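Colleague: One structure is given below, represented as structure tokens, and several questions about it will come after.
The values are calculated or read from the model by the stated rules, or taken from the named source; none is laboratory data. Keep in mind the model is a prediction, meaning the values are calculated, not measured. Neighbour counts run over all protein chains shown; Cβ positions are idealised from the backbone, glycine included. Accessible surface is based on the protein model in full, side chains and every heavy atom, while ligands, DNA and RNA are left aside. Shrake-Rupley method; radii C 1.70, N 1.55, O 1.52, S 1.80 Å.
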Amino acid sequence: MVNPIFLISFVNEIELILKERIRTKGPLPVSEFMELVQMHPTHGYYRKSKPLGASGDFITAPEISQVFGELIGLWLAVMWEQLGRPQEVNLIELGPGRGTMMADMLRATRSIPNFFNTLSVHLVESNKHLRIEQKKALEKLETKISVQWHDTLNFIPPGPTLLVANEFFDALPIEQYVLCEGGWQLRYVDLSDTETFIFVEKKLKHFSVEPIPESIRINSELGSVFEVCPEATSLAKSISKRLVSEGGAAIIIDYGHNKHSVGNTLQAVKQHEYCNVFDYPGECDLSSHVDFLALTEALNTSELTVHGPVFQGTFLKDLGILERTEQLAKSMSKEQALELRKSTRRLIASTQMGELFKVLTLNSKSKQATIFN
Ligand code: SAH
């Protein structure tokens, strides 16, 4: 006989919660499905798991090479200079993962004490296990820098701001609109007769096509999917508002497209392999491509200077990634140098992360950034 305790260990709590929700309240919009599997207070993927690194589900640019965080750190120092060297700066990171990028940024800039000594670090992180990893990563630097954790950007005190977000926006919940025979409809997650999750399209009460840009509404073929990320838009507005009122600069790096386009980009990754979005609810990383045009449309461009989005490869090469790689390689063994060059290629090659990933920077207008000019 099968031991019942053995069976219990395989129960996926999120799956039970989702099914109960659908049975009692009806199908869930894709955004609510994503929100629940990623952010459920106890069972959500971004609450309980350690998603990053070789033993996790996916790997990000700062985890690939220290040079990534170092260059972004130095870029921030240039922004600080151009902002007129404010004496107290909130250095904010959204979704800092294992704290690797923040540690690399701080290590690279501690040799610029005039800049470094102005910084207070603010980390926006939902995952308590990752908060511990971030604390450990920053403690290794042995600095006296103040570090605080927050649930959202809104809790961070006012003041001149330098903000970074790498692979944060792709994790925010999206809505999917689908062009069906009867016109545009919203995609929901429902249960089949055999109680498995399925996608269905519906036009329920209060449905509006307003979030779909006119060019997409008119020119799309039957079956097209258009994705909207309301949280990304409202976050972009909050960042914009903060930079305008407090002064500062921000850099947003993510995979995505620089114009509105159709396509189903919702994806699930578990242990570095793609899987079906319904296979491991709350146990795999769900993400989608970021619509950078939608982000820039949400910004107050009369008060902010917006650069990009440009390809990550172009941005990093402009910041001197090849030179920094060679400089570091000189002090390494042959094998280490080879590994470092391989990582650099992975970040910048058009066939790898160089073009899929885009970089968007913003800064308050009074002091102009000139890095792309
Ligand atoms: N920036 C890191 C990690 C990217 S993974 C890197 O490049 O390595 C996404 C990160 O955002 C994780 O730290 C995750 O826990 C956090 N996160 C995801 N959704 C969040 C939310 N809604 N609020 C706060 N943190 C969130």
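Colleague: Would you confirm whether any residue within segment 57-76 is of a type in the set (Phe, Trp, Tyr) and within 14 Å of the ligand (Cβ to nearest atom)? Talk me through it step by step, then tell me what you get.
Modeller: Our first condition is that a residue be of a type in the set (Phe, Trp, Tyr); within segment 57-76, this holds for 58, 68, 75.
Narrowing further to those that are within 14 Å of the ligand (Cβ to nearest atom): 58, 68.
Taking every residue of segment 57-76 in turn, at least one turns out to be of a type in the set (Phe, Trp, Tyr) and within 14 Å of the ligand (Cβ to nearest atom).
Colleague: Scanning segment 99-108 for residues that are open to solvent by less than 30 Å² (accessible area, probe 1.4 Å) and under 22 Å from the mean Cα position of the chain (by Cα), which turns out nearest to the ligand (Cβ to nearest atom)? Don't jump to the end; show me each part of the working.
Modeller: Residues of segment 99-108 open to solvent by less than 30 Å² (accessible area, probe 1.4 Å): 99, 101-106, 108.
Then drop every residue that is not under 22 Å from the mean Cα position of the chain (by Cα), which leaves 99, 101-106.
On the way: Gly99: 9, Met101: 6, Met102: 9, Ala103: 11, Asp104: 11, Met105: 12, Leu106: 15 Å.
Ranking the qualifying residues of segment 99-108, first place goes to Met101.
Colleague: In addition: Can you name the number of the only condition in (1) more than 10 Å from the ligand (Cβ to nearest atom); (2) part of a helix (DSSP H, G or I) that Glu35 fails?
Modeller: Condition not satisfied by Glu35: (1).
Colleague: Specify which of the listed residues (Ser111, Ser55, Ser146, Ser65) is exposed (fewer than 15 other Cβ atoms within 10 Å of the Cβ), polar (S, T, N, Q) and touching a Ser or Thr at 6+ places or on another chain (Cβ under 9 Å). I'd like the intermediate steps shown before the answer.
Modeller: Details: Ser111 fails: touching a Ser or Thr at 6+ places or on another chain (Cβ under 9 Å); Ser55 fails: touching a Ser or Thr at 6+ places or on another chain (Cβ under 9 Å); Ser65 fails: exposed (fewer than 15 other Cβ atoms within 10 Å of the Cβ).
That would be Ser146, the only listed residue that is exposed (fewer than 15 other Cβ atoms within 10 Å of the Cβ), polar (S, T, N, Q) and touching a Ser or Thr at 6+ places or on another chain (Cβ under 9 Å).
Colleague: May I pose another question? Could you tell me whether segment 21-31 includes any residue that is within 14 Å of the ligand (Cβ to nearest atom) and either part of a helix (DSSP H, G or I) or closer than 26 Å to Ala268 by Cα (or both)?
Modeller: Going residue by residue through segment 21-31, those that are within 14 Å of the ligand (Cβ to nearest atom) are 31.
Applying the additional criterion that residues be either part of a helix (DSSP H, G or I) or closer than 26 Å to Ala268 by Cα (or both) yields 31.
Yes: segment 21-31 contains one or more residues that are within 14 Å of the ligand (Cβ to nearest atom) and either part of a helix (DSSP H, G or I) or closer than 26 Å to Ala268 by Cα (or both).
Colleague: Shifting gears a bit: Could you tell me whether segment 90-103 includes any residue that is under 21 Å from Lys365 (Cα atoms), out of contact with any strand residue (DSSP E or B) (no Cβ under 7 Å at 6 or more places or on another chain) and not in a helix (DSSP H, G or I)?
Modeller: No - not one qualifying residue is present in segment 90-103.
Colleague: Could you grab me the full set of residues in segment 132-143 that are open to solvent by 100 Å² or more (accessible area, probe 1.4 Å) and in a loop (DSSP other than H, G, I, E, B)?
Modeller: Residues satisfying the conditions are Lys140, Glu142.
Colleague: Sticking with this one: Is one or more of the residues making up segment 297-313 surrounded by fewer than 18 Cβ atoms within 10 Å (Cβ to Cβ), farther than 23 Å from Pro213 by Cα and small (Gly, Ala, Ser)?
Modeller: No, the conditions are met nowhere in segment 297-313.
Colleague: Let me ask something additional. Does any residue of segment 104-114 turn out to be closer than 22 Å to Ser288 by Cβ, among the polar types (S, T, N, Q) and at pLDDT 95 or above? Outline the logic, then answer.
Modeller: Quick first cut of segment 104-114, residues closer than 22 Å to Ser288 by Cβ only: none.
For segment 104-114, residues closer than 22 Å to Ser288 by Cβ, among the polar types (S, T, N, Q) and at pLDDT 95 or above: absent.
Colleague: So, in segment 234-267, how many residues would count as being of a type in the set (Val, Ile, Thr) and more than 19 Å from Asn154 (Cβ to Cβ)? Break it down stepwise before answering.
Modeller: In the first step, residues of segment 234-267 are kept if they are of a type in the set (Val, Ile, Thr); the result is 239, 244, 251-253, 262, 265.
Restricting the remaining residues to those that are more than 19 Å from Asn154 (Cβ to Cβ) gives 251, 253, 262, 265.
Adding up the residues that qualify gives 4.
Colleague: When you scan segment 87-98, do you find a residue that is away from the ligand (no atom under 16 Å from the Cβ), open to solvent by less than 70 Å² (accessible area, probe 1.4 Å), modelled with pLDDT of 95 or more and farther than 30 Å from Lys48 by Cβ, even just one? Step through it out loud before you land on a result.
Modeller: Let us first name the residues in segment 87-98 that are away from the ligand (no atom under 16 Å from the Cβ), namely 87-90.
Checking which are open to solvent by less than 70 Å² (accessible area, probe 1.4 Å) leaves us with 89-90.
Now narrow it down to the ones that are modelled with pLDDT of 95 or more: 89-90.
Checking the rest, the ones that are also farther than 30 Å from Lys48 by Cβ come to 89.
Taking every residue of segment 87-98 in turn, at least one turns out to be away from the ligand (no atom under 16 Å from the Cβ), open to solvent by less than 70 Å² (accessible area, probe 1.4 Å), modelled with pLDDT of 95 or more and farther than 30 Å from Lys48 by Cβ.
Colleague: Related question: Any residue in segment 261-284 that is polar (S, T, N, Q) sitting within a Cβ distance under 6 Å of a residue that is assigned to a loop (DSSP other than H, G, I, E, B)? List the pairs, counting only those 6 or more apart or interchain.
Modeller: Going by the 6 Å Cβ cut-off, the qualifying pairs are Thr265/Ser288; Thr265/His289; Gln271/Asp57.
Colleague: Sticking with this structure for a sec: Quick check, is Gly320 surrounded by fewer than 18 Cβ atoms within 10 Å (Cβ to Cβ), of a type in the set (Gly, Ala, Ser) and free of Cβ contacts under 8 Å to residues at least 40 places away in the same chain?
Modeller: Values: surrounded by fewer than 18 Cβ atoms within 10 Å (Cβ to Cβ): yes; of a type in the set (Gly, Ala, Ser): yes; free of Cβ contacts under 8 Å to residues at least 40 places away in the same chain: no.
Here the answer is no, as Gly320 does not meet what is asked.
Colleague: Does segment 349-364 include one or more residues that are open to solvent by 80 Å² or more (accessible area, probe 1.4 Å), without any contact (Cβ under 8 Å) to a residue 12 or more places away in the chain and assigned to a helix (DSSP H, G or I)?
Modeller: Checked against the condition, which is being open to solvent by 80 Å² or more (accessible area, probe 1.4 Å), without any contact (Cβ under 8 Å) to a residue 12 or more places away in the chain and assigned to a helix (DSSP H, G or I), segment 349-364 yields no hits at all.
Colleague: While we're here: Regarding segment 196-216, can at least one residue be identified that is closer than 18 Å to Phe168 by Cβ, of a type in the set (Gly, Ala, Ser) and open to solvent by 50 Å² or more (accessible area, probe 1.4 Å)? Spell out the reasoning first.
Modeller: Keep residues of segment 196-216 that are closer than 18 Å to Phe168 by Cβ, which gives none.
No - not one qualifying residue is present in segment 196-216.
Colleague: Hey, among Ser120, Ser111, Ser126, which residue is more than 15 Å from the ligand (Cβ to nearest atom) and assigned to a loop (DSSP other than H, G, I, E, B)?
Modeller: Numbers: Ser120 fails: assigned to a loop (DSSP other than H, G, I, E, B); Ser126 fails: more than 15 Å from the ligand (Cβ to nearest atom).
Answer to the selection: Ser111.
Colleague: So, one more: Scan segment 25-39 for residues that are under 19 Å from Cys229 (Cβ atoms) and open to solvent by 10 Å² or more (accessible area, probe 1.4 Å) and jot them down.
Modeller: Step one: list which residues in segment 25-39 are under 19 Å from Cys229 (Cβ atoms), which gives 28-39.
The answer is Pro29, Ser31, Glu32, Glu35, Leu36, Met39.
Colleague: Working only within segment 149-181, note down all residues that are open to solvent by less than 40 Å² (accessible area, probe 1.4 Å) and in contact with a Lys or Arg (Cβ under 9 Å, 6 or more places away or on another chain).
Modeller: Matches in segment 149-181: Leu153, Ile156, Thr161, Leu163, Glu175, Gln176, Tyr177, Val178, Leu179, Cys180.
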